[in-house]
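Each remark here refers to the structure printed beneath this line.
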Amino acid sequence: MELDKFDRAILRVLQRDARASLQEVSAAVGLSSTPCWTRIKKMESEGVIQGYTVRINPAAVGFADTVIVEVTLESHGDETLEAFGQALADIPEVLEAFLVSGEYDYLIRIAVRDTRDYERLLRERLYRIPGIRHSKSSFVLRRLKESELPLEGSPPAAPAAPRIRTPKPAAGGKATAGRRAK
């Protein structure tokens, strides 16, 4: 689905506040309610909008620590990757898992209550997954940035607009387009 400026504006509003009413979204993007609703429904059906959620402070519900785990597997066959991915999906504390290039095969973000909870998770769940050759854990000390998707710019697949050069002003003069400053 190709997104236009109205679709991107709608996404910016919903990304900031998924509870915004249709009237609030419509007013913010300069559309009436019906076309705004139609665009939202189309983006939902096309999978651009994957759902609506709430952000929860992990510490407020008992998950004070976040651990980033790098994992290397013994083999990289389709069955091994599928089994490992399914095993991770079955561990509720695993918030995100990425198959990555580089030194490790997976980068996993885990929420735990404390170091003892992480030790329990390692022994009872993570280290029982067959095929792990090596893992390295790092506790997050502080989150430095969390941001929304940068929807302001052009879509990545769009060709770049030609650059227009602005003439530099002459010493003591003003820049002019197409004429020399006198």
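Each value in this text was obtained by applying a stated rule to the coordinates, not by laboratory testing. Quick caveat, the model's predicted, so the values are computed rather than measured. Cβ atoms come from the backbone with ideal geometry, glycine included; neighbour counts cover every protein chain shown.
Descriptive notes on the structure:
- For the pair the stretch 55-130 and the stretch 7-54, the centres of their Cα atoms are 33 angstrom apart.
- Taking 0.36 nm per residue of separation and subtracting the Cα-Cα distance, full extension of the segment from Tyr52 to Ser75 would add 4.6 nm.
- With a simple spin-label model that places each label point 7 Å from the Cα along the Cα-to-Cβ direction, the separation between Ser45 and Arg123 comes to 5.4 nm.
- Thr34, Thr53, Thr66 arranged by Cβ crowding within 10 Å, fewest neighbours leading: Thr53, Thr34, Thr66
- Averaging over all projection directions, the Cα-based convex hull of the stretch 58-139 occupies 5.0 nm² in the image plane.
- Overall, the anisotropy analysis places the stretch 5-45 in the rounded class: the square-rooted eigenvalues a ≥ b ≥ c of its C-alpha gyration tensor yield a/c less than 1.5.
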